[in-house]
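Data first, discussion second: the structure below is written as structure tokens.
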Amino acid sequence: MPRNPRELKPEYSYHITTRCNNREFRLTRTECRELLLYAIEKARQKFQFKLYGLCIMSNHVHYLLEPARPEDLPKIMHWLNWYTAMCFNRMLNRTGHFWEKRYHSTGFPNTDRRRALNTLRYIHANPKAAGMQYGFFYDFSNYGVYDRLGDDGITAFLSLGKTLDECAAKYRSFCQKHRPQPKLERKNHWGSRLLAGLKVKGKPKKSSPGQMCLPWAHWEFNTDVRAVAEKFVLANCYNPQFASIHPADRSQIMLPWWENN
């Protein structure tokens, strides 16, 4: 059966989700997240799109972006997923598909500010909803740019008010009112009728292991990759002083619970 064509329109923004194959937690590795940030920056320079929202979770990624031309969206995602899959497979010593099926996308007009605001908050609320963070600050999402009006080198700031201070205050208040709804898993799969009498023992639900380093010593990236990642994390994290310490060394430091969220 052929795939349904994507609805691509000018002056539209798109909420995009892409997930690791088999829903495995392949993005827990700090080095993988750093390389993904570098790849996003390379794609942004190549295709000239605007990235408004970003959140790198343990097994999936959320984007809110506006392509320069509607037909650029498939090119952006194809290049980004191809580039990162090649790198991740080499880093993790694996083969095969890294990303699961094709990316999911929903578009809306740039003039729909309410939709943009709700989408942005949904993206930034993912770590909190998953129980990974106490608040909205997260090393690998761009919430900090909107809360503190910083510059992470990747985000194109989405204007939410008449002044920058008003934007930050309104968005901070809007996020604090967020109450995530529990997600219901769909139970209807292909073959449900055929296998109706079969008792299948389901896999236990895995919890996200958080951020991890590769099993060997720090992966030696070139300075460009490290520079892009450090600028993004330090602009968006809760505690820049703590975030500047490599994750492999953070376990040696004891901080109050609020400093880790």
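Worth pointing out:
- Residue within the range 142-159 that is under 23 Å from LYS46 (Cβ atoms), outside any loop (DSSP other than H, G, I, E, B) and more than 16 Å from the chain's Cα centre (by Cα) present: no
- Residue match in the range 162-174 (condition: within 30 Å of ARG69 (Cβ to Cβ), surrounded by fewer than 16 Cβ atoms within 10 Å (Cβ to Cβ) and modelled with pLDDT of 85 or more): no
- Residue match in the range 115-132 (condition: under 22 Å from ASN239 (Cα atoms), surrounded by 15 or more Cβ atoms within 10 Å (Cβ to Cβ), touching a His at 6+ places or on another chain (Cβ under 6 Å) and β-branched (Val, Ile, Thr)): yes
Okay, residues lined up against (1) loosely packed, with under 15 Cβ neighbours inside 10 Å; (2) touching a residue at least 60 places away in the same chain (Cβ under 8 Å); (3) in a loop (DSSP other than H, G, I, E, B):
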position	(1), (2), (3)
ILE40	no, yes, no
LEU51	no, yes, no
HIS62	no, yes, no
THR84	no, no, no
THR95	yes, no, yes
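- Residue list for the range 64-82, restricted to those being under 17 Å from ALA156 (Cα atoms), buried (at least 17 other Cβ atoms within 10 Å of the Cβ) and among the hydrophobic types (A, V, I, L, M, F, W, C): LEU64, LEU65, LEU73, ILE76
The values are calculated or read from the model by the stated rules, or taken from the named source; none is laboratory data. The shown structure was predicted, so the numbers you read here are calculated from the model rather than taken from an experiment. Positions of Cβ are generated from backbone atoms using ideal geometry, with glycine treated the same way; all protein chains shown enter the neighbour counts.
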